[in-house]
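Here the structure is laid out as C-alpha cells; the discussion comes afterwards.
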Amino acid sequence: MNFADTYIDMAPGADIFKVEVVTVEATKTRAENDRMRMKLRVIEGARTGTTFVNHTIRTGLNRANTGDTKKDSMMMDFWMKCLVSLGYSAAELREHGDFEWDNIAAVNKFETLKGRVGFMSFKPADPENGQKWSKDWWITESQYNAAAGAQAEVVEATTSSDDPLSQMLND
C-alpha cells in the first residue's frame, strides 16, 4: 500500500491554516448551479502549528454565472480572494482575461488549482451549538504571517523569564 497521497479525512480545529489544494471537482448545487469543490490538506496552523498536519478541509465556490448581478458580483469577490490566496495576483488574473472553468480541474493550465498552496481561516461545524456547517474564508499570505507572528509573540511572552510578577514572587 502506498500512502503518499492519503490524508486524514477529518476537519481540523479552528485556526488560520496554510493549505494545499489536493483535489478539485466540478459539481452542481441542488439548484443546478456550477460549483467547484476542493479538498485542502493542512500544512500548518498559525496557532496550532503542526497539530493538524494532513487533516483536510472541504470547501467550494459556486460559479459566478447565475444571471443575478448582485450574486455574481459577490461570487467574483469570493473567487478573487481564493485565487489571490492561492498565489495568483489580481493583475495577472486581469491580464489573463477569461479564467476557464473547465481548466480548473485540468493539469498544467493557467487555471489549474491542484497543488497550489494558499491560506484559509477555518472554524469547524459545531452542531451541538447550532452551527451546522463549518465556516471558512480565504486570506492572504501576509494575513497568515501576521497571525502566526502574533502567536509566536504570545508564546514567547508566556515563556519568558522577564515576567515581573514571577520575579516578585520568586524574590
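A short reminder: the numbers here are calculations on the coordinates, not readings from a lab. None of the values given here were measured: they were computed from a predicted structure. When we count neighbours, we look across all protein chains shown, and the Cβ atoms used for this are built from the backbone with ideal geometry, even at glycine.
Using only Cα atoms, locate the centre of the stretch 1-20 and the centre of the stretch 25-55, then give the distance between them in Å, rounded to an integer. So the two Cα centres are separated by 9 Å. Annotation: average projected area of the stretch 15-143 is 8.9 square nanometres, based on the convex hull of Cα atoms across all directions. Full extension of the chain between residue 80 and residue 129 gives 14.5 nm of extra length, using 0.36 nm per residue less the Cα-Cα distance.
Note on the stretch 15-143: dipole from Cβ charges, positive end direction compared against 143, 97, 110; the farthest Cα belongs to 143. What is the angle, in °, between the Cα long axis of helix 69-85 and the longest principal axis of the Cα atoms in the chain? Nearest 10 is fine, range 0 to 90. Taking Cα atoms only, the helix is inclined about 50 degrees. Put in order of Cβ neighbour count within 10 Å, fewest first, the listed residues 10, 120 become 10, 120. Packing around the peptides 13-20, 51-58, taken as the average count of other Cβ atoms within 10 Å per residue, puts them in this order, highest first: 13-20, 51-58. The modelled label-to-label distance between residue 141 and residue 31, using points 7 Å beyond Cα along the C-beta direction, is 3.5 nm. Sorted largest first, the spans of the alpha carbon positions of the stretch 90-156 along the three principal axes are 42, 34, 20 Å. Given +1 at the Cβ of Lys and Arg, -1 at the Cβ of Asp and Glu and no other charges, the dipole of the chain around its Cα centre is 760 debye to the nearest 20.
Distances between placed amide hydrogens fall under 5 Å for residue 53 paired with no residue 5 or more residues away or on another chain.
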